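Structure first, commentary second.
The numbers here are math on the coordinates, done by the rules we state, and not lab data. The structure presented is a predicted model; accordingly, all values stated were derived computationally and were not measured. Here the Cβ is made from the backbone with ideal geometry for all residues, glycine too, and neighbour counts use every protein chain on show.
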Amino acid sequence: MIRAKKIFKSFGDLKILDDIDFTFERRKTNLIIGQSGAGKTVLLKILVGLLEPSSGEVWYDQTNCMSLNKKERRQLSMSVGMLFQGSALFDSMSVEENIRFPMDMFTNFTDGEKRARVDYCLNRVELNGVNDKYPSELSGGMQKRVGIARAIVLKPKYLFCDEPNSGLDPKTAIVIDDLIKDITIEEDMTTVINTHDMNSVMEIGDNILLLNKGKMEWTGHKDEILASQNQFLTDFIFASPFLKQLKDRAFQGI
Amino acid sequence: MIRKMIFHFGRYMIWLRSILSKPEKFFMYYKETIRQMDDIGIGSLKIVLIVSIFIGAVVAVQLSYQLGETLVPKWYVGYILRDMVIIDMAPTITCLVLAGKVGSNIAAEIGGMRQKEHIDAMEVMGVNTTSYLVLPKIIAGLFMTPLLVILAAGLGIGSGYLIAIIGGYFTAAEFLQGLTTYYDAYNVFIMIIKSLVYGYIFTSVSAYHGYFVKPGSIALGRAGTDAVVYSNILILVSDYIIATVMTG
């Protein structure tokens, strides 16, 4: 479980996040959604420790991240995995070297153990046999999967995904969504996903936080969206006329 | 302008402090250092070779021209060329060139990693990125620059000799007499000190500009330019300081 407690963040006079208080639950795919510029990425960066909030606290289970020193934070980082928007795979390394990197850096595993773990992770994301390829030789969807494999290689307790579906076709996006959801349950993780892909919201939105201009606009489960009276949420989710029509027809049918 | 300079100096000093921390895994730092040594050292051989050959040749030709009609003995050309190349030409010109070649490469590499979120990815993993990405480059610069400079000095003197003999500016005996006259090992010491200082400057200053690059391709290009310009200015300033302190 990750708890954001009364998070405020501003850059100079520009207020980005205003009183965010939310719990991201374990074994669930927690989604942060909102329009561009709503503060999603800033919130995700605060949660993962890449940015400091102006005020407020971030708790990883019983640990208050704000009270940790640099060394303790680095220690905590070993239980965190992150999938970046552009995958952030190291260009100069092969797929295997990318996935091995966290193990090379932080563990004393033998070469055989590392290889076995790489194979397991690649198998888990259904990408066998690409160990020696370089990121530039892979498609966008494959790069995301390698990114997931690298993120889970140290068996993290917390997984963060920044726009995991950006740049992917709808079919591949669903594959990535399902993969993240399955891994979250299998590995008993707390997963936080920052997205504005409505398919993802309706597919894997176990626990959703909607941001509007840096404030919490709505929270809930994907199943509560259709019945919600929140106008901003409805306008945001059913932004296209096509989806609006579908929704109206669905309600007429009911 | 002055405020900006103070800001950069302060941030550079704070940033430098974070470089000096215990490596997460010594072997990974060692591997990266070897890779950087190969990049900086072997990767720069060609350009150092070309530059140093021409430096020696031009100095030999011009000295012969300037001293040709005077009463100064011809062997003085060898003597002046040797000391000019060792004390200043080899370390300074070579490092100015290296600042352009290696410095822009370092700024682009680290800046690209920053823009493509590679540095963020490492930070999330718990890697001390300033240390892992910068320290190996500085160490490699400190090891390889003196070697390149020594090579440049040797090639500079050698090419000066060859060009002058081929051009008939002086005889081999005159040149060798000049080379062996008034030799002072302290000059080689100055050369090594200069190369160490310059090697540190162009690696760390370039890494600094890459590390704090702003988003966008224009910013990345500017980081590369700034890396080269500031490295060159600092090399020239420290050249003057070292000259004053060590020979003044």
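This ranking places B:98, B:142, A:159 by how few other beta-carbon atoms lie within 10 Å of each, fewest first, which gives B:142, A:159, B:98.
Measuring between alpha carbons in the structure, the pairs from A:6/A:171; A:40/A:244; A:45/A:114; A:6/A:247 lying more than 31 angstrom apart are A:6/A:171; A:6/A:247. Here the contact order of chain A, divided by its residue count and restricted to Cα pairs under 8 Å and six or more residues apart, works out to 27 percent. The GNM of chain B, with springs linking C-alpha atoms under 10 angstrom apart, assigns the highest mean-square fluctuation among B:11, B:114, B:35 to B:11. For chymotrypsin sites (Phe, Trp or Tyr not before Pro), no site in the range A:75-138 is both called loop by DSSP and has at most 13 other Cβ atoms within 10 Å. Shielding by partners for peptide B:114-121, expressed as the average number of C-beta atoms from other protein chains within 10 Å of each residue's C-beta, is 6. For chain B, the longest principal axis of the alpha carbon atoms and the long axis of helix B:217-247 meet at an angle near 50°.
If you run the Gaussian network model on chain B, springs between alpha carbon atoms under 10 Å, then out of B:99, B:173, B:108 the most flexible one is B:173. Measuring nothing but how far apart in sequence close Cα pairs (under 8 Å, 6+ apart) lie, relative to its length, the range B:55-183 scores a relative contact order of 55 percent.
The GluC sites (Glu not before Pro) of the range B:1-108 that DSSP puts in a loop, and whose beta carbon has at most 16 other beta carbons within 10 Å, are B:69. With respect to chain B, whose longest principal axis is taken over its alpha-carbon atoms, helix B:75-84 is tilted by about 10°.
By the beta-carbon count within 10 Å of each Cβ, the least crowded to most crowded order of B:49, A:83, fewest first, is B:49, A:83.
Placing +1 on the Cβ of each Lys and Arg and -1 on the Cβ of each Asp and Glu in the protein assembly as shown, which of A:8, B:135, B:110 has its Cα farthest towards the positive end of the resulting dipole? My answer, from the dipole projection, is A:8. Computed on chain B, with alpha-carbon pairs under 8 angstrom and 6+ residues apart, the relative contact order is 33 percent. Assuming a ≥ b ≥ c are the square roots of the Cα gyration tensor eigenvalues, decide whether chain A counts as rounded (a/c under 1.5), prolate (otherwise, with a/b larger than b/c) or oblate. Since a/c reaches 1.5 but b/c is at least a/b, the shape of chain A is classed as oblate.
Only the Cβ atoms of Lys and Arg (+1) and of Asp and Glu (-1) were treated as charged; on that basis the dipole of the range B:38-165 about its Cα centre amounts to roughly 280 debye. Taking a straight Cα-Cα cut-off under 18 Å and skipping sequence neighbours fewer than 8 places away in the same chain, the lysines within cross-link reach of residue A:71 are B:22, B:25. Working note: 222 nm ellipticity from helices only, DSSP H runs with n ≥ 4, each -39,500 (n - 2.57), summed and divided by the residues of chain B, gives -27000 deg cm²/dmol to the nearest 500. Scanning chain A for DSSP H helices at least 15 Å long along the axis (C-alpha atoms) with a Kyte-Doolittle mean no lower than 0.0 picks out A:140-152, A:170-186. Cβ-to-Cβ counts within 10 Å put B:97, A:175, A:192, B:188 in ascending order as B:188, A:175, B:97, A:192, the fewest first. Dividing the summed helix terms, -39500 (n - 2.57) for each DSSP H run of n ≥ 4, by the number of residues in chain A produces a 222 nm estimate of -12000 deg cm²/dmol to the nearest 500.
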